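Data first, discussion second: the structure below is written as structure tokens.
The values are calculated or read from the model by the stated rules, or taken from the named source; none is laboratory data. Keep in mind that what you see is a predicted model, and the values were worked out from it rather than measured. Here the Cβ positions follow ideal geometry from the backbone for every residue, glycine too, while neighbour counts run over all protein chains shown.
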Amino acid sequence: MPFDFNEEYLSTFLMLKEALIWALVMQALIWKVPFEVMCNTSDYALGAILGERKDIKPYTIYHVS
């Protein structure tokens, strides 16, 4: 199914990116490990987690909803 990345999606993405950039860190970063952004949405809410995986275990750096 085609995904139309329109202005509404772009503004939401930029708002989420800004929240993650200026958020307080829950855990120290491991700079050699790749970052992951996990998102969950519904008709009423948006949530995201910035995290990393070390030894297959996920670690949360910050979350926003």
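For segment 31-65, which positions are at negative phi, modelled with pLDDT under 85 and of a type in the set (Asp, Glu)?
Across segment 31-65, the qualifying residue is only ASP43.
Yes or no: ALA28 modelled with pLDDT under 85 and assigned to a helix (DSSP H, G or I)?
no
Taking the stated definitions as given, is ILE61 touching a strand residue (DSSP E or B) at 6+ places or on another chain (Cβ under 7 Å) and of a type in the set (Val, Ile, Thr)?
Judged against the criteria, ILE61 is a match.
Would you please list the contacts, defined by Cβ atoms under 8 Å and residues six or more apart or on different chains, that run from a residue in segment 1-20 that is assigned to a helix (DSSP H, G or I) to a residue that is of a type outside the set (A, V, I, L, M)?
From segment 1-20, the pairs are LEU16/CYS39; LEU20/TYR62.
List pairs: first residue in segment 29-58 and over 15 Å from LEU16 (Cα atoms), second residue among the small types (Gly, Ala, Ser) and surrounded by 11 or more Cβ atoms within 10 Å (Cβ to Cβ) anywhere in the structure, Cβ distance under 9 angstrom, at least six positions apart or on different chains.
Between residues of segment 29-58 that are over 15 Å from LEU16 (Cα atoms) and residues that are among the small types (Gly, Ala, Ser) and surrounded by 11 or more Cβ atoms within 10 Å (Cβ to Cβ), the close pairs are PHE35/GLY51; PRO58/GLY51.
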